[in-house]
Amino acid sequence: MMQTAVEIKNVTYRYKGAGAESLDNISLTVNAGEALLLCGASGSGKTSVIRLINGLIPHYYHGDMTGNVTVKGRDIANTELYELAGIVGTVFQNPRSQFFSVDTDGEIAFGPENIGLDPKEIRARTEMTAKQMHLEKLLGRSLFELSGGEKQRIACASVAALLPEIILLDEPSSNLDWETIGQLREIIGEWKRQGKTIIISEHRLWYLKGLMDRVVYMDGGKIICEWPGAEFENLSEDETKAMKLRPTVVKKEYTQMFEDKTGSGAFIQTETSDGILLKDFYFSYHHRPYVIRKKPFSSADGEALNLCIPKFLLPKGKIIGVVGRNGTGKSTFLRCLCGLEKDCTGVIVSDGKEYRKKHRIGISYMVMQDVNHQLFTDSVEAEVMLSMKEKDEEKCHAILDDLGLLAYKDTHPMALSGGQKQRVAIASAVAAGAKLLLFDEPTSGLDYAHMVTVGELLKQLANSGSTVLVSTHDPELIELSCDYILRIKGGKVDSFWKTEKTAKFI
């Protein structure tokens with residue numbers, strides 16, 4: 001007889017201050033050793049189910065709740081969070097929200113230390129976890145120096161080191177490159193072979209093929225239907241799109257544009273005078289000591305730099321997809337362009353004018369990978385209005401309507417789901433109307449329908465004269481909207497080509 005790991009009975013839940021229920025009378029039983037996928041559009045209630053199981057609802061996220069949740073025989077409402085530490089482990093969508101240390105080794109060891117294990121056992125678990133998850137190159141590093149994808153891998157390792165019986169993953173692939181997603185799949189497979197109970201909330205579906213025993217589809221806070229894993233994988237693309245889901249299968253050709261070998265020797269500089277010229281963009285996270293005057297970096301510093309772009313011309317009014325592996329410099333490139341990295345040298349030349357350092361901020365707007373850093377106001381409407389040079393309520397509402405956010409205009413941004421927050425930040429970028437618009441993984445937490453919407457908005461922005469750079473690991477977004485592909489490798493421009501030239505890949 002199968003043992004029950006998780007049982008949710010007739011739960012209805014509304015977050016404090018929210019206008020509607022996030023969960024509406026849901027019931028769900030998960031057996032021990034089962035691998036379960038929660039899928040559905042952004043805001044459908046997937047993350048709230050994860051929070052029910054790990055106890056964050058009702059112990060951290062307060063609100064109105066009815067019904068019962070039982071995990072390994074424990075009534076969650078009457079169980080302290082610390083009592084679940086060795087039973088339930090969670091990898092959150094935003095890895096920064098679960099870090100307690102400042103370095104990678106300390107973060108992996110933190111869980112075992114916190115439950116009082118012997119130092120020898122702590123070291124053994126740290127080494128074992130690092131080896132299993134291919135993290136040897138990340139050991140001994142500061143968490144602040146890692147890319148978003150590298151942070152996600154450390155978050156997975158910190159959970160794995162606790163050896164929990166139940167592992168919850170909330171959008172675990174959202175910030176990962178293709179190679180690292182493959183490694184994540186291997187880890188999930190290993191957890192499954194170990195008999196772990198695995199519950200994953202995810203938009204990217206293709207990498208989970210063959211791993212899931214059961215798939216539960218949610219919409220509007222309700223469980224609508226469920227399938228055995230193999231049956232779900234056989235749904236047609238039209239069927240998944242109708243449910244606002246991404247495809248369950250991605251063509252193998254897609255992956256090639258994200259591999260290092262693709263585009264090698266395909267460097268094409270844009271032959272046009274009507275562009276945005278980048279000159280002398282050099283940056284390093286490691287500051288050099290100086291006594292009287294700081295010596296500026298140059299291309300001669302080579303491999304010591306995290307960004308080294310002596311000269312590059314961006315085609316104006318186009319959408320440029322920025323690709324490359326985690327940690328290769330994509331986010332650094334975008335942050336330096338818009339002036340967020342103050343120590344970055346570099347000049348932008350546009351329409352005959354030069355923009356240095358702080359002046360770059362005046363012509364650019366960036367949607368960050370972690371949008372929590374740029375949500376400041378107490379309502380969605382106010383957030384979008386904040387980025388407008390001239391307040392225009394009608395335009396604000398039109399932008400929110402295009403992104404499916406108008407119903408949330410009076411909602412506090414922090415009360416939204418991860419995907420909804422992402423759309424609020426995108427709405428602010430649209431409202432800003434800057435010459436240079438930069439998006440760092442804008443579709444990482446979005447369902448297919450909203451990805452299409454973002455793709456259309458990017459095209460509208462380019463058609464209005466803005467130059468758009470979008471860092472992404474999503475081939476669907478590139479196919480939908482990008483005119484060019486720019487590959488960053490080791491902080492340098494590795495290759496650059498028109499998407500028409502990559503038709504064979506997509």
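Just so it is clear, none of the values below were taken in a lab; they were calculated from the coordinates. What you are looking at is a predicted structure, and each value in this text was computed from that prediction instead of being measured. Cβ placement follows ideal geometry from the backbone for every residue including glycine, while neighbour counts extend to all protein chains displayed.
Which of the chymotrypsin sites (Phe, Trp or Tyr not before Pro) found in region 71-141 are loop residues per DSSP with 10 or fewer other Cβ atoms within 10 Å of their Cβ? Nothing satisfies the criteria. In loop segments of region 355-463 as defined by DSSP, the GluC sites (Glu not before Pro) with at most 16 further C-beta atoms inside 10 Å of their C-beta are GLU390. Compute the long axis of helix 104-114 from its Cα atoms, compare it with the longest principal axis of the Cα atoms of the chain, and write down the angle in degrees, 0 to 90, nearest 10. Value to nearest ten degrees: 20.
Mind putting a number on the dipole of region 375-453 about its Cα centre? Charges go on the C-beta only, +1 for Lys and Arg and -1 for Asp and Glu, and I need it in Debye to the nearest 20. Here the size comes out at about 180 debye. Counting only aspartates and glutamates at least 8 places from LYS353 when in the same chain, those with an alpha carbon closer than 18 Å to its own are ASP274, ASP280. Bridging of LYS358 to aspartates and glutamates at a Cα separation below 12 Å is possible for GLU341, ASP343, once same-chain residues fewer than 8 apart are set aside. For region 19-108, the set of GluC sites (Glu not before Pro) satisfying both a DSSP loop assignment and a count of at most 11 other C-beta atoms within 10 Å is given as GLU80. Against the main long axis of the alpha-carbon atoms of the chain, helix 119-132 sits at an angle near 60°.
The antiparallel fraction among DSSP beta bridges confined to the chain stands at about 55%.
Between ASP410 and GLU456, residue separation times 0.36 nm minus the direct Cα-Cα distance comes to 14.1 nm.
Greater than 24 Å separation of Cα atoms is the criterion. Which listed pairs, LYS120/LYS192; LYS244/LYS395; LYS16/LYS409; LYS316/LYS459, meet it? Long pairs (Cα-Cα over 24 Å): LYS120/LYS192; LYS244/LYS395.
Pairs from the list LYS72/LYS196; LYS151/LYS342; LYS311/LYS389 with a Cα-Cα gap above 20 Å: LYS151/LYS342; LYS311/LYS389. Potential lengthening of the chain between SER379 and LYS395 amounts to 4.1 nm, from the contour at 0.36 nm per residue minus the alpha-carbon distance. Run the helix sum for the chain: -39,500 (n - 2.57) per DSSP H stretch of 4+ residues, divided by residue count, reported at 222 nm to the nearest 500 deg cm²/dmol. Calculated at 222 nm, the ellipticity per residue is -8500 deg cm²/dmol.
Once both axes come from the Cα atoms, what is the angle between helix 448-463 and the longest principal axis of the chain, in degrees from 0 to 90, rounded to 10? Long axis of 448-463 versus the principal axis of the chain: about 10 degrees.
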